[in-house]
Structures are given as C-alpha cells and as structure tokens.
Amino acid sequence: MAATTRWASSYLRRSEVAALALGAACALAPALALGQTFEPVGERAQKRVNGVLALMGYMLTPDVTTGSLSLSNEPTGNPDIAMTSLGGGFTMSKGFPLYLEGTAGFSRYDPTFVASNGTEDRLVPTKWNAFSATGGIGWDFPVTEGLVFRPMFNFSYGRVESNVAVTGQTDTGAELDFLRDGRLDSYGLGGSLVLDYERYRPENEIDVELRYTDIYLQSYGGTSTAVQGSADAQSVNLWTRWRAPTGITMLERPLRYVLEYVHTAFLGDLDGVLGFNHLNSVGAGLELDSSKYDIIVTRTRLVARYKFGENVRGWSVGFAISF
C-alpha cells in the first residue's frame, strides 16, 4: 500500500489588481453609538458569506498551488487573506483499488463593513475564521498500463466564525448580530474525475494527474437565519512530476532530484474570487528514499516552488512524505 501526502506553503503578492473581489478598506472603527440601530449597507454580510464559502473552495482538494496562500494587498489597502491546508490520498492496493483522500484547511479573512442608522455611518471591522474538512472515496479503473481512470465522491464540512468589537448597549439588526460572535456551518457534496498515470523505472519515475472537481457548498444552521450562503467550487488541475537519481546514495538508496509542474484553473464561483482564475507552479527539489529500513515512511521530499498567475506571483516550500 502506498500513500502520499502533499503540503506546501506559499507567499503571493498582488501587484496590479486594483481591488480584491472580496475585499473592503480596512480601518479601525469607533464604537457604535448607544441606543441606535445600525444595519450593514453596501457589501452586506450575505454577500460576504458567499465569498467566504468560495474561499473554502480553494481548500477542498490536495493541490500544491493552493496548499497555502498568503495574499498581501498592501498596494490596494484591502485586508490580507491567509489560508493553509494539508491533504493527501492513496490507493489501497492494485488488487483492491479503493482510493481514499482527505484534506483539512483553515483560512483567515478580516473584512470591514459599513453600518448605518440612516443618518450616520460606521466602519465595522470583523475577524472571520473558516475551517473545512473534506473527504473523497474513489475507485481506480485501469485504462492502459500505468493509466487509471478514477471517479470520486467528495464530501465536505466547514464552519465560519465571525467576531466584531461592538461595545455599549447598541441596538443591532440580524446581520450585525451575526457579525458579532456569529457562527455558520456548511456542508459540501460533489465529485471528481481523475486520470492518473504512473511510470516507475530505475532510471526515472513519471507521475501525471489530470483532475476535474465540482463540489457545491451550502450553509446551514449557525447563530443567525438572516445570513446564509452557497458556492459552487469547480477546478481543473494538471499535476506532473519527474524523479531521477542524482548519482548520490543515501540510506542505501539513490537520492533523487524532483522536477514538478502544476497548473490549476478555477471555475464556477472560484473564477476570479481572489482576482485570478488560474495558478501555475514550477518546482525543483530532492527526495530521500528510506524504504531500505523497516519504518513507516518510505520517501521524504522537499520541493521549492515558484508560483505565478494573473497578477500574482510568489514562492513556496513544500514538504511531503510517502508511506
């Protein structure tokens, strides 16, 4: 049985986008006035919840382009966005080709709302944390030697938690009640179609995976029925990797170099939600083979990656292990 876990961290800097689709100007807000009823105007919480669910869509599958994103928006004045995820998958065996995968993710987004009582406006800065966990079950159908077709069923659970500093005896509407210590749960159902090619030889090893994923996210429950949301998370991902011996022997096995290229196109509600609709990743690194010894980890990889896309560029360092 072989299993692979992929993890990557990255820093991306926006250089040309004038405004983030989900962003709003971030500023410190004075306390809401006592005895007055304030309601959000403009970018309402309902629209932002849809956006946060869309952000969850980047954390649903093991993808090195979105394994961890840190978007810096200093030129625009918009709040930064940070997200990270950890995931992997494996096929049980060739005789029983059941495929299982899992991904867990966390994101942080701090939007600012404008609340008004009809005569006076206030900026309301919030802190939104989103958590998600996604599982997948599939089956490998052989196509040709080394190539399998893998349909998968995916399911996801997520939670969005909001916190805002509203002081005093303030009368607020339902949406501001959600912004202040609110919580929203979500579920996701969908599937993936995967073509997975593997060719392993002593002189080199080749992996190519083409994947289409479509998972629909819908909120439910939570602390306020006034704020609900949904998002259709779709993506197409091409992942390729080349491994070959460096000529150096370590742990009685060849030390391999690794070359990697990944392209992900974001569709549905993910298209443009962060100001881009695709990401590329070019990576190089080393792989240590420990399969000679009776330990659970058979291979360990360290890969440096350069990531780029529409108005986006950055870098990452990825760490992965195989069982």
Exercise. Got a sec? Which of G272, G285, G268 is of a type outside the set (S, T, N, Q) and surrounded by fewer than 15 Cβ atoms within 10 Å (Cβ to Cβ)?
Worked result: G272
Exercise. If you scan the stretch 48-85, which residues turn out to be in contact with a Lys or Arg (Cβ under 9 Å, 6 or more places away or on another chain) and at pLDDT 80 or above?
Worked result: T61, P62, D63, V64, T65, A82, M83
Seminar exercise, completed: Restricting attention to the stretch 199-219, the residues that are more than 27 Å from A231 (Cβ to Cβ), surrounded by 15 or more Cβ atoms within 10 Å (Cβ to Cβ) and acidic (D, E) number exactly 2
For this session: For R305, indicate whether it is open to solvent by 30 Å² or more (accessible area, probe 1.4 Å), touching a residue at least 60 places away in the same chain (Cβ under 8 Å) and more than 23 Å from F155 (Cα to Cα).
Result: no
Exercise. Residues in the stretch 93-117 that are out of contact with any Lys or Arg (no Cβ under 9 Å at 6 or more places or on another chain), modelled with pLDDT under 95 and assigned to a loop (DSSP other than H, G, I, E, B): how many?
Worked result: 4
For this session: Considering only the stretch 265-289, state which residues are in contact with a Lys or Arg (Cβ under 7 Å, 6 or more places away or on another chain) and over 18 Å from W242 (Cα atoms).
Result: G275, L279
Problem set entry | Hits in the stretch 231-250 - residues which are touching a Phe, Trp or Tyr at 6+ places or on another chain (Cβ under 7 Å) and either open to solvent by 50 Å² or more (accessible area, probe 1.4 Å) or over 21 Å from L302 (Cα atoms) (or both) | D232, S235, V236, T246
For this session: Quickly run through the stretch 279-294 and pick out the residues that are closer than 10 Å to R253 by Cβ and small (G, A, S).
Result: S290, S291
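Have a look at V262, V282, V303, V258 and point out the one that is among the aliphatic types (A, V, I, L, M) and either within 16 Å of the chain's Cα centre (by Cα) or not in a strand (DSSP E or B) (or both).
The unique qualifying residue is V262.
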Problem set entry | Qualifying positions in the stretch 119-141 - open to solvent by 20 Å² or more (accessible area, probe 1.4 Å) and in contact with a Lys or Arg (Cβ under 9 Å, 6 or more places away or on another chain) | K127, N129, F131, W139, F141
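The values are calculated or read from the model by the stated rules, or taken from the named source; none is laboratory data. Given the structure is predicted, the values throughout are model-derived calculations rather than measurements. Positions of Cβ are generated from backbone atoms using ideal geometry, with glycine treated the same way; all protein chains shown enter the neighbour counts. Surface accessibility is based on the protein's heavy atoms, side chains included, excluding ligands, DNA and RNA. Shrake-Rupley method; radii C 1.70, N 1.55, O 1.52, S 1.80 Å.
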